[in-house]
Amino acid sequence: MKLSDLGEFGFIERIRQAVAKAPGVMVGIGDDCAVLELPPGERLLTSTDLLIEDVHFRRAWADMHLLGRKSVSVNVSDIAAMGGTPRHLYLGLGIPTDLTVEDLDAFVAGFLAACADYGATLVGGDTCRSPGPLLISVTVEGTVSADELVCRSGARPGDALYVSGTLGDSALALRQLLAGESLEPELARRHHDPRARVELGRILASAHIPSAMIDVSDGLLADLGHLLESSAVGAEIDQTALPLSAPLRAAWIDDPERIELALSGGEDYELLFTVPPEREPALAALALSVTRIGTIVEGSAGLLMKNRSGDLRPAAPAGYNHFRQG
């Protein structure tokens with residue numbers, strides 16, 4: 001079915017009927033505004049991200065259901081980075097004329113499934129025709145108690161630097177897709193269906209362990225650079241400590257490229273956080289899948305990388321920057 005046969009308001013009604021009722025949503029899709037009841041005593045977190053066809057994804061590679069899921073996860077990751085719980089999402093779509101209703105149904109089904117995974121609800125948005133590529137705009141709201149809020153700005157010299165999971169898998173998947181290669185299942189999942197680290201963020205925040213935290217979306221070095229700038233500190237990273245997955249270790253690429261993917265590839269959606277020395281025993285007791293990769297130092301030192309020989313060298317905070325790409 002063509003979207004022109006259904007019309008904008010028919011499509012919106014189709015979405016409204018697919019959204020389950022949720023606690024705290026007094027008025028959802030269909031009115032001028034959503035009306036929401038927030039948990040008492042909690043702070044509101046809000047973030048917005050854009051996904052644009054041929055910038056963030058290619059439809060030739062993208063299953064529409066998985067694209068819907070990814071659209072949620074990359075936004076929810078920002079809530080996880082501040083120790084919050086995702087609550088509500090708003091979806092804006094600029095829809096090209098060649099997308100069918102069946103394509104959009106698959107996208108919405110994936111979007112709503114991911115919302116359910118994170119305990120969140122779609123409560124509003126907008127749609128329009130796009131004369132060009134598919135454009136996806138998502139705003140996410142979450143909540144966190146004031147005493148559990150974690151920002152980028154709390155790192156101090158002497159803090160340990162940790163990252164969750166593994167790095168470089170999504171970047172390796174993109175490299176292989178660009179080369180026309182097929183992906184093994186775990187690499188495909190990391191690239192097409194990433195998982196925001198909400199549960200981990202809540203565990204860390206509720207235990208008051210991180211002094212600062214950020215999600216790794218643009219690449220480890222780039223996002224670490226944001227954290228260092230916000231905290232007015234520097235860092236030393238141990239290259240040999242970077243957590244690499246089995247697929248990345250086994251990939252037929254040389255070691256410098258392997259390390260580059262881990263440092264600057266982006267779209268890992270892991271949590272990068274700092275821990276004061278006195279809180280490290282509490283972190284260890286939680287037995288989480290996190291790796292210490294460095295130490296926070298005075299801001300004048302900048303960002304330094306320790307190589308395999310033990311030499312410390314300056315490292316530029318490289319990663320994805322939309323306005324600096326060729």
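The values are calculated or read from the model by the stated rules, or taken from the named source; none is laboratory data. All values derive from a computational prediction rather than experimental measurement. Note: ideal-geometry Cβ built from the backbone for every residue, glycine included; neighbour counts use all protein chains shown.
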In region 83-101, what residues are surrounded by fewer than 22 Cβ atoms within 10 Å (Cβ to Cβ) and either in a loop (DSSP other than H, G, I, E, B) or not assigned by TED's automatic domain parsing to the domain that holds C115 (or both)?
T97, D98, L99
Residue that is free of Cβ contacts under 8 Å to residues at least 60 places away in the same chain, touching a helix residue (DSSP H, G or I) at 6+ places or on another chain (Cβ under 7 Å) and buried (at least 23 other Cβ atoms within 10 Å of the Cβ), where the choices are G30, G68
G68
Taking the residues in region 198-250 that are in contact with a Pro (Cβ under 7 Å, 6 or more places away or on another chain) and within 28 Å of L172 (Cα to Cα) as candidates, determine which candidate is surrounded by the most Cβ atoms within 10 Å (Cβ to Cβ).
L224
Criterion first (part of a strand (DSSP E or B), closer than 27 Å to P40 by Cβ, more than 20 Å from the chain's Cα centre (by Cα) and of a type outside the set (A, V, I, L, M)) does G124 satisfy it?
yes
If Y162 satisfies all but one of (1) hydroxyl-bearing (S, T, Y); (2) crowded, with 20+ Cβ neighbours inside 10 Å; (3) modelled with pLDDT under 95, what's the number of the condition it fails?
(3)
In region 253-284, how many are of a type in the set (V, I, T) and in a loop (DSSP other than H, G, I, E, B)?
1
